[in-house]
Amino acid sequence: MFDISKMEIVNFKSFMGEHEFDFPDTPGLYLIVGENLIETRLGANGVGKTSLLDAMHWCVYGTTPGGLRAGDVVNWWGAKGCMVRSYLDLPDAQPIITRTQSPNSLTIYDPEVDDEPQPATQEEVNELVRLTGDAFLHSIMIPHGEDMFFDLKPTAKLKLFSDIMDLEYWNTKSEVAKKETSLLDGVIDEITQNLSRLKGIRNTLKDQILKLTPQAKAFERDKKSSIRGLKEDIIKAKKSGRKDDDKLAGLEGEINAIENAIQSIRSDKEMVEKATASMKAKRSEASTEVRVIENDLEHLRNELEPLTRLKGTCPLCKQPIDKLHLEKQRKRVSNKIEAKKKDQFDETVLINNLDTKIGTERRELAKLSEEAEKYHKQKKDRVTIITKIESAVQVAREKVKQLEIRLEGERTRTNPYRETIKSNEDEVVSVNEEITEDTTELSECETERELTSFWIQGFKKVRLYLIEETIKQLEIEVNNNLVQLGLIDWHIEFDIERENKTGGVTTGFSVMIWPPNKDEPVRWEAWSGGEKQRLRVAGTLGFSNLILDRLGLVSGIEFIDEFSKHLSPEGIDDILETLHQRAYSEGKKIWIVDHQSVTFGGFAGILNVTKDSEGSHLNYERATDGE
Ligand SMILES: Nc1ncnc2c1ncn2[C@@H]1O[C@H](COP(=O)(O)OP(=O)(O)OP(=O)(O)O)[C@@H](O)[C@H]1O
Ligand SMILES: [Mg+2]
């Protein structure tokens, strides 16, 4: 709901000083009349009726409907600045809009929301009110007389109609769709080019893969054979190593056997040496025995010799020698000598035997030493061989190690062709992904382009549809008003584009009026002032409804300035009756401004504007007999 409940005016145009007016809130038809107390000859003219409406328009839009702004609206009689405050009643808020001139300011104050008035821009006010200045002047405040909708030139009508219907929106939309389409064409072009570039890259990559594949295979073959060769070399080297190990084991066995032999020779030698030593000891004992025996023999011989020489008397005892006894003595000594000799012989034989044995043992010993010497030499020879073999084994091990390093190197040697193939394949995959993405995007863009290009015409069709529908609605509204305004059987039609007399197309909002019993429409200029006024009021009221309806707004108030121009008393009555009915059927407060004395009895209230030396004054009078 758009409504205005109160106005405060300070030094605006003919309103000198401070004034305020509370608009009644009862639906009905209200009259604004006036009395000029300074220039009485002017009657109701020049008193400030229009100025009141100007104040409201200026407050909300910054100009009067006639285009006055800034210093022109400040009261001439000594005021420095002016102020108008409008208390609005809007669908979602009840803002108070205050505009001042010198200093200039514009504020919106919503006591429900704000602590104090908030500075505002004109755009913010327009947004709040949801009506442009033009729409306001053709729906809520119809300014005086001949500037009504029908009075406008066809092009101006079309412009106003377009603005209010926001028809340009659809053209803009169509333009946007056109731009979008051409942008999409560009994108489609770009994607198509990119796709062919990507496909080119993919082909090149695939060609390279095809070329590199045999080279990669050859590399693998070489590698395999080289690995095989190295493995064989390693096996050979290891085998020869094992042979050497066997040899070493054999040699070590031999050395052990040799050492055992040496050991046994050593123990043989010890035995022989022991035996020799014991024989030597025995021989020495026998030699000693022989010397003892020889000594004994010496003694015995010495004992025997005197016995042999004794004859007659004993030299010692000087007694005659007993021959028998002597013989016996001789025999005993000789026997002893014989026994000793036998012992001597035996001992000599023993010595000789021992000497023979010692000699044999010595030879045996010499033989054993010789044998031992032979084994030592054999051992030495084998040790020399072992050293040689061990060094060969070392060399072979080193060789195996080197071969294994080479084998590992060969195994891990990467195939450069394979790598290039792999990287090419990876790239093919990523190029394929890009191709898939681009293909999807392309198809999306093409679908979008199809849709968008559809809307180039689509939005224009919507626009035309809206125009047709709106015009139909307007025709119905206006034709209904015609009947109420006494133009029975009259008929009005509207058109946006019409063929003109020269066959061209006139773009403009044309109004065609058929009076009763006429087959052809008659030009606007052909109608009388009163007829025109009826027609323009019918058109204006219809157009006002259309505007509010299209904007989804309902207005609780309407102002029509100078409605009765050119009208006969019947005409005035017809219009007042129409407005009266409109006020009640639509629940509006309709304020009409007039300077003629009006006899209509159905006013709900009358606002008297008087002007004296202190400027204009407002006096409201609620009609007692009004409905
Ligand atoms: N800035 C101003 N300061 C003081 N008076 C002004 C100013 N601007 C216009 N006026 C005068 O204010 C008076 C009221 O004019 P207004 O248009 O409101 O008259 P009106 O009551 O609508 O008369 P009419 O019936 O002729 O349309 C006029 O005499 C006009 O010359
Ligand atoms: Mg006026």
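The values are calculated or read from the model by the stated rules, or taken from the named source; none is laboratory data. Keep in mind that this is a model prediction, so the values were computed, not measured. Glycine also receives a Cβ, built like all others from the backbone with ideal geometry; neighbour counts cover every protein chain displayed.
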**OP:** Answer yes or no as to whether G43 is surrounded by fewer than 19 Cβ atoms within 10 Å (Cβ to Cβ), away from ligand 2 (no atom under 16 Å from the Cβ) and on the phi > 0 side of the Ramachandran plot.
**Re:** no
Original post:
Looking at segment 359-379, which of the residues that are among the charged types (D, E, K, R) and surrounded by 12 or more Cβ atoms within 10 Å (Cβ to Cβ) is nearest to K236 (Cα to Cα)?
Top reply: K379
Subject >> In segment 585-627, residue nearest to ligand 2 (Cβ to nearest atom) [restricted to those that are within 60 Å of the chain's Cα centre (by Cα) and surrounded by fewer than 19 Cβ atoms within 10 Å (Cβ to Cβ)] >> reply: E586
Original post:
I321: in contact with a strand residue (DSSP E or B) (Cβ under 9 Å, 6 or more places away or on another chain) and not basic (K, R), yes or no?
Top reply: yes
Subject >> Selected residue (only one of T213, T288, T313 is at pLDDT below 90, among the β-branched types (V, I, T) and either exposed (fewer than 14 other Cβ atoms within 10 Å of the Cβ) or under 30 Å from A372 (Cβ atoms) (or both)) >> reply: T313
Original post:
Taking S14 and the conditions (1) within 16 Å of ligand 2 (Cβ to nearest atom); (2) within 25 Å of V74 (Cβ to Cβ); (3) out of contact with any helix residue (DSSP H, G or I) (no Cβ under 6 Å at 6 or more places or on another chain), which numbered condition does it fall short on, given that it satisfies the others?
Top reply: (3)
**OP:** Count, please, the residues in segment 564-582 that happen to be touching a residue at least 60 places away in the same chain (Cβ under 8 Å) and within 16 Å of ligand 2 (Cβ to nearest atom).
**Re:** 1
Original post:
Could you say which residue among P27, P65 is away from ligand 1 (no atom under 13 Å from the Cβ) and in contact with a helix residue (DSSP H, G or I) (Cβ under 9 Å, 6 or more places away or on another chain)?
Top reply: P27
Original post:
Condition test on A218, is it outside the structural domain of K399 (by TED's automatic domain parsing), surrounded by fewer than 17 Cβ atoms within 10 Å (Cβ to Cβ), in a helix (DSSP H, G or I) and not aromatic (F, W, Y)?
Top reply: no
**OP:** Would you mind finding the one in K589, K518 that is free of Cβ contacts under 8 Å to residues at least 24 places away in the same chain and of a type in the set (K, R)?
**Re:** K518
Original post:
Within the bounds of segment 449-460, is there any residue that is touching a residue at least 24 places away in the same chain (Cβ under 8 Å), part of a helix (DSSP H, G or I) and among the acidic types (D, E)?
Top reply: no
Original post:
Can you tell which of A44, A55 is among the small types (G, A, S), within 17 Å of K611 (Cβ to Cβ) and modelled with pLDDT of 95 or more?
Top reply: A55
Subject >> Count - residues of segment 410-426 that are buried (at least 16 other Cβ atoms within 10 Å of the Cβ) and closer than 14 Å to R228 by Cα >> reply: 1
Original post:
Hey, which of the helices (runs of 4 or more DSSP H) in segment 115-191, taking only ones fully inside, have at least 3 residues that are at pLDDT below 95 and buried (at least 19 other Cβ atoms within 10 Å of the Cβ)?
Top reply: 133-139, 154-165
Original post:
Which one is nearest to E180 (Cα to Cα), of the residues in segment 446-473 that are at pLDDT below 90 and among the hydroxyl-bearing types (S, T, Y)?
Top reply: Y465
Original post:
Being within 16 Å of ligand 1 (Cβ to nearest atom) and modelled with pLDDT of 85 or more, is that true of even one residue in segment 562-571?
Top reply: no
Original post:
Which condition number in (1) more than 8 Å from ligand 1 (Cβ to nearest atom); (2) crowded, with 17+ Cβ neighbours inside 10 Å; (3) over 59 Å from the mean Cα position of the chain (by Cα) is the one that G34 fails?
Top reply: (1)
Subject >> Tally of residues being under 59 Å from the mean Cα position of the chain (by Cα), within 16 Å of ligand 2 (Cβ to nearest atom) and either closer than 18 Å to G48 by Cβ or modelled with pLDDT of 95 or more (or both) across segment 60-76 >> reply: 4
Subject >> Filter result (surrounded by fewer than 17 Cβ atoms within 10 Å (Cβ to Cβ) and either in contact (Cβ under 8 Å) with a residue 60 or more places away in the chain or not assigned by TED's automatic domain parsing to the domain that holds L251 (or both)) within segment 390-409 >> reply: E390, A392, R397, E404, R406
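The rows are residues; the columns are (1) in contact (Cβ under 8 Å) with a residue 40 or more places away in the chain; (2) in a loop (DSSP other than H, G, I, E, B); (3) more than 30 Å from T360 (Cβ to Cβ).
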site: E289; (1), (2), (3): yes, no, no
site: E294; (1), (2), (3): yes, no, no
site: L297; (1), (2), (3): yes, no, yes
site: N302; (1), (2), (3): no, no, yes
site: C317; (1), (2), (3): no, yes, yes
site: R330; (1), (2), (3): no, no, yes
site: N335; (1), (2), (3): no, no, yes
site: E338; (1), (2), (3): no, no, yes
site: Q344; (1), (2), (3): yes, no, no
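Yes or no, residue by residue, for (1) near ligand 1 (Cβ under 10 Å from one of its atoms); (2) closer than 21 Å to V129 by Cβ:
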site: A44; (1), (2): yes, no
site: A55; (1), (2): yes, yes
site: M83; (1), (2): no, yes
site: S86; (1), (2): no, yes
site: Q94; (1), (2): no, yes
site: L106; (1), (2): no, yes
**OP:** Considering (1) in contact with a Ser or Thr (Cβ under 9 Å, 6 or more places away or on another chain); (2) surrounded by 22 or more Cβ atoms within 10 Å (Cβ to Cβ), say which one L29 fails and leave the rest.
**Re:** (1)
